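To start, the structure under review is shown below, and the notes come after it.
Values quoted throughout were computed directly from the atomic coordinates according to the rules given, and no laboratory measurement underlies them. Bear in mind that the values here come from a model prediction, so they are computed numbers and not experimental data. A quick note on method: Cβ atoms are made from the backbone with ideal geometry, for glycine too, and the neighbour counts reach across all protein chains shown.
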Amino acid sequence: MILKPGIFLQGRYEILEKIGSGGMSDVYKAKDHKLNRLVAIKVLKEEFGTDETFVSKFKMEAQAAAGLSHPNIVNVYDVMDEENIHYIVMELVEGITLKSYIATKKKLNVKETLGISIQVAQGIAAAHKRGIIHRDIKPQNMIISKDGKVKVTDFGIARAVSAQTIGGAAVGSVHYICPEQAKGALSDQRSDIYSLGITIYEMITGKVPFDGDTTVAIALSHLEDPLPLPSLSSPDIPAGLESIILKCTQKKPERRYQTMEDLLVDLRKALIDPNDPSLLGNTTTINGDTRRMSEEEMGEINARHAQNQHTLENVMDGDVDEARDAFEVPDFPEETSQDESKDSFFVPELFESSSLDASDFGKKEEKNEGEEREERRGIRSEQLMAALGVGGAVVAIVLLLILGRNIGKAKTVVSPTGPNGETTLASNQTKVPDLDGKTQDEAEKILQEATLSMKVTGNAYSDSVPKGQVISQDPKSDEVVSKHSSVGVVISNGSQKVDLASLGITSMNAKDAKTALKSEGFSVNTEEEYSDSVEEGGIIRFVPEQPEKGSEVTIVISKGKKNTMTVVPNIVNQPEAAGINLLISSNLKPGNRAVQYSDTVKAGDIISQSPEPGAQATLGSKVDYVISQGPAPTESSTESATKATKAEDKKDVNATASAELSPESNYQYVGSIDTTFELKDLIGPGGSSSKVKVMIRLRQDVNGQTVYRTLMEPRNITGDTILPVRFKSIVGADGVEDGNVEVVDADTQNVLKSYDVQFFKVQ
């Protein structure tokens, strides 16, 4: 959905203009009218918004990112849903992406490259400390602000992890993707280190190391091809910086920097001295939109990678015929020499045991590109000789040529058909069995019987396929493939909906319930209500009963049995106003008022009450009372006494009638309130440092007009403040028995919260 300027989200965020677009989202500049600031809003594209599994992960991961606060990370303010729109509200950084900066300058100098790399690494290191892996590190997700500060953004596909590693489908930008991520294997912080290494490579050389016509081809390059030396494209690169890049981009995670802090140490060394000897010997048109690889692509990558590995294993085992039969061997075109073809495919895993030191790949000498190529070619030949012997090396080189020429071909072997149209299988071929609905163990056994192996390429949630069973496979059933090849399968995680009853939530106390739900990946809200059956502090219910993983769950906590009775306080001999305040504080109301003379109780004090003091009364019920008028009149003349009495009665009636209306009467209308207001729901995640100016006022309708009275002057308070709304004696308008106490945003005059208040007539 395209958002047009002028549209409001949540009645708060006004869309100003579209400022960017990526593979998964569109980005808009907007104004937050509540906090009066400019923000960036990243809106998930419609094709991803309909994927409930992805939306759930998107929200959970963005909420995790909202907890990050670092100068080199774009802050996330809020995560919102509105109808079918899913979006996150972020800090607006005015600047240019690193991708655009590289495109403008073609390539960066050493000082720029190191300075930017250090800032990026600092931001990612802060995320790693919070257990958050970015998983999509690339120049497009790095913004250089106008003041030169570099900030990492787009944690929309990041994942907060409780363990050290995570798995799942390949998500990211294929030009920067690490080998383990490309094949759907486990990822950890070292995956971000690889992608940052590719980014540093691009900064210093002006191009990415691997490119191709298809996603699969590029992913396979990350899996199998050696990294082209940066010095071939940038001869002036210091040896220390080249060594850092090579160590970041090792195929195997255990050979890379193990933490971002370790990488930062070397980057800072290189900034001081790019040729620091301690840095040597570490190792040996592109938009880059973020995307999820399809199951078909993932299956093709894993199958082709496995097939290549299997063929090479056959070479090592001496099964040359089977390895050769697994591939079609085309004639080499006349214009392409075998030497050139040989150089196009190289598998470092073959040479792990060789005596060649890895640091040899990082040494920088004065050679042209042709000389470098010939030297690498000679090294590879020596390694093959050492690993296989002269005869074996010849066979291996021939097979590497074959693999190099056929790496882009499909894994499925096309077999000839018989006279009746049936497929004729060669001795080294087999049909892929149907694994639909089989458990992981069952599928593996079936494939073994068919002389095939199994590779779990990923896991996914499914409401229709039980947990542990196969959702999909690649190749599909009945396809003809080479024996000993690998079949990729996606295993079901079961339904994403969780039956909370099965977790025993209702038997827990509130604290344990919160902990249990958060450990399952839920965000938790709490509400309280009275219950006659659940003890105070216990769980009454949870809403919804079967939420999706990563969604929001509300726990309703018992306040115990609601006390409907109270003890009537003693208001006898109290001034009328004091007596009424005692009633209100006991959740009672003043009832019928009568007056009479008394020789013992002074005028204005209460003579008697009903119900009597100490009696039980229903909350909110009324208490009648009698007010003293003082001693009775003592005039000698009966006539004059009668006249005085009549005059007094008339005066009393008039006074009573006008007390509710006249500001000059001896009566006031008084109310009270005792509660609190929390601002966290107003400001949102990470708002503890945000400030809002609020005031408290009384609102009443008097003779058809709205009248306001300020109870608390405007003051700035932060998002973690609990604001007391406590006023023991609020004097209202004469004759008005109700009103509202309002908490108001002083800047916008928006009412944040309104409380009903009753007023009672007192003398």
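May I ask for log10 I(q)/I(0) of segment 668-762 at q = 0.13, 0.14, 0.15, 0.18 Å⁻¹, from a Debye sum over the Cα atoms as equal point scatterers with solvent left out? For the requested q values the scattering log ratios are -0.46, -0.53, -0.59, -0.80.
Measuring max minus min along each principal axis, the C-alpha atoms of segment 473-611 give extents of 115, 21, 20 Å (largest first). Can you tell me how segment 565-632 classifies by the Cα gyration tensor, rounded, prolate or oblate, using a/c under 1.5 as the rounded cut? Judged from the Cα gyration tensor, segment 565-632 comes out prolate (a/c at least 1.5, a/b above b/c).
For a Förster distance of 56 Å, can you work out the FRET efficiency between the beta-carbons of residue 261 and residue 706, rounded to the nearest 0.05? Computed FRET efficiency for residue 261 and residue 706 comes out at 0.40. Modelling each spin label as a point 7 Å along the Cα-to-Cβ direction, I'd like the residue 214/residue 107 distance in nm, to one decimal. The modelled label-to-label distance comes out at 3.1 nm. Along segment 192-207 the Karplus relation, 6.51 cos²θ - 1.76 cosθ + 1.60 evaluated at θ = phi - 60°, assigns HN-Hα couplings of 5, 5, 4, 5, 5, x, 5, 5, 4, 4, 5, 4, 7, 9, x, 8 Hz to successive residues, with x for each Gly and Pro.
Among the trypsin sites (Lys or Arg not before Pro) in segment 500-574, those located in a DSSP loop and surrounded by at most 11 other Cβ atoms within 10 Å of their own Cβ are 562.
Two numbers describe the Cα atoms of segment 8-91: Rg and Dmax, which are 12.4, 34 Å.
The residues packed around residue 33, meaning those with a beta-carbon under 13 Å from its beta-carbon, carry a net charge of 0 if Lys and Arg are +1 and Asp and Glu are -1. Each residue, residue 566 and residue 596, gets one label point 7 Å from its Cα in the Cβ direction; the gap between the two is 2.7 nm. Among the listed pairs 129/252; 57/518; 455/476, those whose Cα-Cα separation exceeds 19 Å are 129/252.
Taking amide hydrogens as placed 1.01 Å from N in the peptide plane, the amide H of residue 677 sits under 5 Å from those of 723, 725, each at least 5 positions away in sequence or on another chain.
Our coupling estimate for segment 128-133, obtained by passing each phi through the Karplus curve with A = 6.51, B = -1.76, C = 1.60 and θ = phi - 60°, is 4, 5, 8, x, 10, 9 Hz, Gly and Pro reported as x. In plain terms, the bigger the Kirkwood radius, the slower the diffusion; for segment 500-558, with that radius from Cα pairs, at 37 °C and 0.692 mPa s, Stokes-Einstein puts D at 291 µm²/s. Rounded to the nearest 20 debye, the dipole magnitude of segment 500-558 is 300 debye, with +1 charges on Lys and Arg beta carbons, -1 on Asp and Glu beta carbons, and the Cα centre as origin.
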